[in-house]
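The values are calculated or read from the model by the stated rules, or taken from the named source; none is laboratory data. All values reported here derive from a predicted model rather than from experimental measurement. Ideal geometry is used to build each Cβ from the backbone, glycine not excepted, and the neighbour counts take in all protein chains shown. Each accessible area value is taken on the protein alone, full model and side chains, heavy atoms only, with ligands, DNA and RNA left out. Shrake-Rupley method; radii C 1.70, N 1.55, O 1.52, S 1.80 Å.
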Amino acid sequence: VQLQAFGGGLGQAGGSLTLSCTISGRATSSYAVGWFRQAPGKGRDFVAVIPWSPNVAGYADSVKGRFTITRDDAKNTVSLRMNSLQPEDEAVYYCAATSKGIRSSSTSDYGYWGRGTQVTVSS
């Protein structure tokens, strides 16, 4: 399974950015896909996850109500819409997949990771 994240860049505080993650490999529609982020000098934190079924997303408290994760299995893509950006959202964002199909916020549950994409927020 291979993942590729793109869509990062410079956003303004209060503005929006959308990240996308394309997934390739067999039976990927049965995988749960999550987004994590890592700020300089900090650990990799959970942001959001969407399992394959039931299609109910989970979010970190810090982004709940501002970020929305969606998936399009026909296109093998998971997107993260980030609204109301805050300076503390600035980080490298990673998408990851787990064959467990669970709604997990733990990095140890994810066996497949894409390269990160940088999100910078200007105030």
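Cβ-Cβ distances below 7 Å connect the following pairs, each with a first residue in the stretch 81-104 that is closer than 15 Å to residue 63 by Cβ and in contact (Cβ under 8 Å) with a residue 60 or more places away in the chain, a second residue that is assigned to a loop (DSSP other than H, G, I, E, B) and among the charged types (D, E, K, R), and a separation of six or more residues or different chains: 82/66; 83/66; 84/66.
Among the residues of the stretch 93-123, those identified as outside any loop (DSSP other than H, G, I, E, B) and closer than 18 Å to residue 52 by Cα are 95, 96, 97, 98, 107, 109, 112, 113.
Looking only at the stretch 24-51, count how many residues are of a type in the set (A, V, I, L, M), at pLDDT below 95 and more than 12 Å from the chain's Cα centre (by Cα). So the answer is 1.
Residues in the stretch 66-123 that are open to solvent by less than 60 Å² (accessible area, probe 1.4 Å), farther than 27 Å from residue 30 by Cβ and touching a helix residue (DSSP H, G or I) at 6+ places or on another chain (Cβ under 9 Å): 66, 119, 121, 122.
In the stretch 63-88, which residues are acidic (Asp, Glu) and either under 13 Å from the mean Cα position of the chain (by Cα) or closer than 15 Å to residue 13 by Cβ (or both)? Scanning the stretch 63-88 gives a single hit, 88. Quick check on residue 14: is it on the phi > 0 side of the Ramachandran plot and touching a Ser or Thr at 6+ places or on another chain (Cβ under 7 Å)? So residue 14 fits the description; yes. Applying a threshold of 6 Å to beta carbon distances and a minimum spacing of six or more residues, or different chains, the list of pairs starting in the stretch 58-70 at a residue that is within 10 Å of residue 37 (Cβ to Cβ) and ending at one that is aromatic (Phe, Trp, Tyr) and modelled with pLDDT of 95 or more reads 60/46.
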